[in-house]
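Reading through the structure tokens given below for one structure.
A short reminder: the numbers here are calculations on the coordinates, not readings from a lab. A quick note: this is a predicted structure, and the numbers were derived from the prediction, not measured. Cβ sites come from the backbone with ideal geometry, for glycine too, and all protein chains shown count toward neighbours.
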Amino acid sequence: KGKSLYKIKPRHDSGIKAKISMKT
Amino acid sequence: AETPLEPGATAGAAAGPQDALSLEEILRLYNQPINEEQAWAVCYQCCGSLRAHRPPRRVRSAAQVRVWRDGTVSLAPDAGPDSGKMGYSHCTETEVIESLGIIIYKALDYGLKENEERELSPPLEQLIDRMANTVEADGSNDEGYEAAEEGLEEEEEKRKISAIRSYRDVMKLCAAHLSTESEAPNHYQAVCRALFAETKELHTFLTKIK
């Protein structure tokens, strides 16, 4: 309970993390 | 009606700083990212208070996002050196939404390495994508106009979902995430209230241990 359970994958160039990084 | 500066202060006459925790404090205390439900909730609650409390403020860090004891979420002024310039003035609603989307994503990504990426559920990823205005990069934002034969209502609904232009649009998407949309205000407030209470509990526990 209260734990964040999530899957981690390798960062992808077209993924949301890359897109957000470009914005910041 | 007159609007108070801090929404959380409406819950009690003597709301103080101890009645709110910043998103940054929450992340540091848990030393892990927020979960998806908390992300939906913070998003919904923050947009709710932004709708009621203008002028718009751009979100520069998780330290500005304050979760209150009563489950409301407000935006504190940016304490940075350029606050008062970019922090308050000449800031459009879409710019605030964009900055909030980025901060929410960062809270979901907290602690992950640069070469790692969290797998988000498609609706949440889409929400953040649209908030942060990064949709065009993946070619998925087709505006939905190919559906000329569809009814006007459907088309309007698609337009609303594909283009986020207001806090209300964000809140509608957050509400649509629930099985019963009308439960959104109570549900998301309860999630944020629990987030505050659990973090406080953890803080108290860690303080005792120390």
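Summary of values
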item	result
Unsatisfied cross-links (Cα-Cα over 19 Å) in the set B:Lys106/B:Lys208; A:Lys19/B:Lys106; A:Lys7/B:Lys106; A:Lys23/B:Lys106	B:Lys106/B:Lys208
Per-residue Cβ neighbour rank within 10 angstrom, fewest leading, A:His12, B:His203, B:His177	A:His12, B:His203, B:His177
